[in-house]
Amino acid sequence: MSPSIGLVTLNAKYVHLALSVRYLRNAARAAGFGNVWLREYTVRTPLGQMAAELVALRPDVLGFSIYIWNRERSLALIERVKRLLPAVKIVIGGPEVSFETEAPLPEIDAAIAGEGEVKWVEFLRGWADGWGTGVPGQGQPSAATRARWLRYGTDLPKLDTLPYLEEDLAGLEHRLAYLETSRGCPFSCSFCLSALDEKVRFFPEAAVKNTVERLVAAGARRIKFLDRTFNLRRSRVLDFFRFLARFDGVEFHFEVVGDLLDEPMLAFLETVPPGRFQFEIGVQSADPAVNARVQRHQSQKQLFAAMARLRAGGRVHLHADLIWGLPGEDLAAIRASFETVLALRPHQLQLGFLKFLPGAPIRALIARHGYAYDPRPPYELIRHEDLPAGDVAYLKRCSAAFERYYNSGHFRFALEALLEEAQGWELFSALAAAGGESGRDAPPLEILAQRLAATGARLVCRRPHARLTEEALRDLVKLDYFCHHRARRVPGFLQGATVAEPAGLRALRKSRPDSAYAPFAHRISWAGEPGASRPTLEPSLQPVWLEFSYADARQGYFFRPAITELTVLPPFPVSGSAKQRIPEGARA
């Protein structure tokens, strides 16, 4: 009877799909083990439920893929399963356990460091042979073999097999499909485990393209490439981008190095459909001296020029990263770096805190810079010699506020107007103070909108010579409220003076259930394409009613409803002639 071999991981969210267990499954099956199955849970799945399901499958061997987000939960699950099924063999691997000197639990039979396909198959063959005894499940691997399994970067597999089989393709329309075209990284950033890679290896390009076609045909609408530097080989990446650009309705996410984006690439990216690509670009710090301390070397001039061009093009969704807590960077330097990158207006700016990942070279700098960090996942900064713990706590509050107001994308128009008259640090510090941000669950959107309107009015609109009036800010927040999520009514704090509904609006609502309607104190015009355009407000003596049609909304990274100014509204019936369409370029 074929042994039962399970591969298990706990994803951060249901929408994620784990590549690691699929690679390991494929390697095991290719080695002749037929009964190899997967179980993916989330970190929120009850422990008892997971354990009961795994035990019911009566596995002989279980492999667990362990990451920073699931370490503690995975180890607890292993303990529970081992109590219920003492004979099962447990193998662990993944970045979170790749630098252990020994297994973190006595219940674990083997630990594998780094890329695991070859070592995993070696374990299964040894187990099936009884490690030379000829009796499956008997014996033990040698001490030398265990030591080799714990060495990172050894026994690298040949990259000739992609992860997805036909059995993986169901339900992809609601999941985030991960893929990689290469492994390894040529850079040596000391905060990253990829600094330990000695070379970059590539999967066959034809096989990758075939996998993309299969994923899209199966319904995948979001595909994220895990390559550490997707645009490393300029000769291949432009061709690959051209290939991907033809898949309508699909979004592709990449990590790219900004200063490697050359003129042919940038020119091409100005032609792709809006929202087709998202680029994640690591800035880390705007200060080259700070980056140099962590072996991060890049041309800031070329990087910022490329980011500015991408943002101006309005085609690529731009996600930038900063790391707070890098050596030698105090609060004033962090603020300066933040303002520099925010001025480029990336669609999202991730404000992360330095983590001391097990095995990462950054740990060599702990004593030199007086670092203290949490020894438990995610191993995050507590303080260093230039950044006291109180400053870190303050930065946490600012980061939480920034995530909710800026990165959420809910308040694009209002924030742009406020940032023309106030510095970003000043604004988001005030928003953090107004909301008592703690990093926990965000308040409802209506509450956030109310805080933004009140904070902006106090900070900006009531200043002497302010160009932005409170009434204009209220209309911009209202415009954001209806443009960036599906709204149904005008919140009370945004209503302003009482406005009578025009005749015929009730009938219009009934005929268009996927639309919302709101009055504005300004006539709103637009300049440019929807993804990059900004509204211009002109005071109006009469209320201006807008329709926000979610049935006609652009989906994905650049979600926008169709916006229409209502002119003549007959009581009944409602016809298309009752409306005046804003020109195509005017839709937000």
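Read-outs: derived from the displayed coordinates by stated rules, not from any lab. Please read these numbers as outputs of a predicted model, since none were measured by experiment. In this analysis, Cβ positions are derived from the backbone assuming ideal geometry, glycine residues included, and neighbour counts consider all displayed protein chains.
Since only Phe187, Gly313, Val392 are under comparison, the one whose Cα sits farthest along the positive direction of the charge dipole of the chain, derived from C-beta charges on Lys, Arg, Asp and Glu, is Gly313. The residues neighbouring Pro264, those whose beta-carbon lies less than 12 Å from its own, together hold a net charge of -2 under the Lys/Arg +1, Asp/Glu -1 convention. Ordering His297, Trp149, Ala487 by Cα displacement along the dipole of the chain toward the positive end leaves Ala487 in first place; charges were set at the Cβ atoms of Lys, Arg (+1) and Asp, Glu (-1). Note on the chain: antiparallel DSSP beta bridges, both residues inside, total approximately 40 percent of the bridges counted.
With the charge dipole of the chain set up from +1 on Lys and Arg Cβ and -1 on Asp and Glu Cβ about the Cα centre, the Cα lying farthest toward the positive end among the listed residues Leu172, Val135, Thr211 is that of Leu172.
Specify whether the C-alpha gyration tensor of region 58-151 places it in the rounded, prolate or oblate class, a ≥ b ≥ c being the square roots of the eigenvalues: rounded for a/c under 1.5, otherwise prolate if a/b is larger than b/c and oblate if not. Oblate. For the chain, relative contact order (Cα pairs under 8 Å, six or more residues apart, normalised by length) works out to 8 percent. Using Cβ point charges alone (K and R +1, D and E -1), the dipole size of region 166-387 about the Cα centre works out to roughly 200 debye. Semi-axis lengths, largest first, of the ellipsoid equivalent to the chain are 48, 29, 23 Å, with √(5λ) applied to each eigenvalue of the Cα gyration tensor. Legend: calculated FRET efficiency, Ala389 to His485, from the Cβ-Cβ distance at R0 = 30 Å, rounded to 0.05, equals 0.25.
Using θ = phi - 60° in the Karplus curve 6.51 cos²θ - 1.76 cosθ + 1.60, the 3J(HN,Hα) couplings for region 352-366 round to x, 10, 4, 10, 9, 5, x, x, 6, x, 4, 5, 5, 9, 4 Hz; x is entered for Gly and Pro. For the chain, the longest principal axis of the C-alpha atoms and the axis of helix 234-244 are separated by about 70°. Which of the three applies to region 228-269, rounded, prolate or oblate, going by the alpha-carbon gyration tensor with a ≥ b ≥ c and a/c under 1.5 meaning rounded? It is prolate, given that a/c is not under 1.5 and a/b is the larger ratio.
Gain on full extension, evaluated as 0.36 nm per residue between Ala442 and Arg151 minus their Cα-Cα distance, stands at 100.5 nm. Its Cα centre serving as origin, region 315-415 has a Cβ charge dipole (Lys and Arg +1, Asp and Glu -1) of approximately 340 debye. Counted by Cβ distance under 14 Å from Ser188, the other residues give a net charge of +2, where Lys and Arg count +1 and Asp and Glu count -1. This model, with +1 at the C-beta of Lys and Arg and -1 at the C-beta of Asp and Glu, gives the chain a dipole about its Cα centre of some 840 debye.
Stretching the chain fully between Phe268 and Lys301 yields a gain of 9.8 nm (0.36 nm per residue, less the alpha carbon separation). Annotation: amide H-H contacts under 5 Å for Thr42 (H modelled 1.01 Å from N, sequence separation of 5 or more, or interchain): Asn11.
For Leu17, the amide hydrogen comes within under 5 Å of the amide hydrogens of Leu176, Tyr178, counting only partners 5 or more places away or on other chains and with H modelled in the peptide plane.
Cβ crowding within 10 Å, taken as a proxy for footprinting-reagent exposure, orders Glu403, Glu115 from fewest neighbours to most as Glu403, Glu115.
Can you list, largest first and rounded to whole Å, the semi-axes you get for region 166-387 by taking the square root of 5 times each eigenvalue of its Cα gyration tensor?
Each semi-axis is √(5λ); the values are 32, 21, 16 Å.
Placing pseudo-labels 7 Å out from each Cα toward the beta carbon at Ala30 and Arg125 gives an inter-label distance of 1.3 nm. Taking the alpha carbon gyration tensor of region 258-370, multiplying each eigenvalue by 5 and rooting it gives semi-axes of 29, 14, 13 Å, largest first. Across region 188-330, Cα pairs under 8 Å and at least six residues apart give a relative contact order of 24 percent.
What does the net charge come to around Trp69 if you take all other residues with beta carbon closer than 15 Å to its beta carbon, with K and R at +1 and D and E at -1? For residues surrounding Trp69, the net value is +1. Against the chain, whose longest principal axis is taken from its Cα atoms, helix 47-56 shows a tilt of about 50°.
What's the extension gain from Thr161 to Ser549 if we count 0.36 nm per residue and subtract their Cα-Cα distance?
Computed gain between Thr161 and Ser549 is 135.2 nm.
With an a/c value of 1.5 or above and a/b not larger than b/c for the gyration tensor axes a ≥ b ≥ c computed over the alpha-carbon atoms, region 120-216 is described as oblate.
Going by neighbour counts of Cβ atoms within 10 Å, the residues Tyr550, Tyr152, Tyr406 line up, fewest first, as Tyr152, Tyr550, Tyr406.
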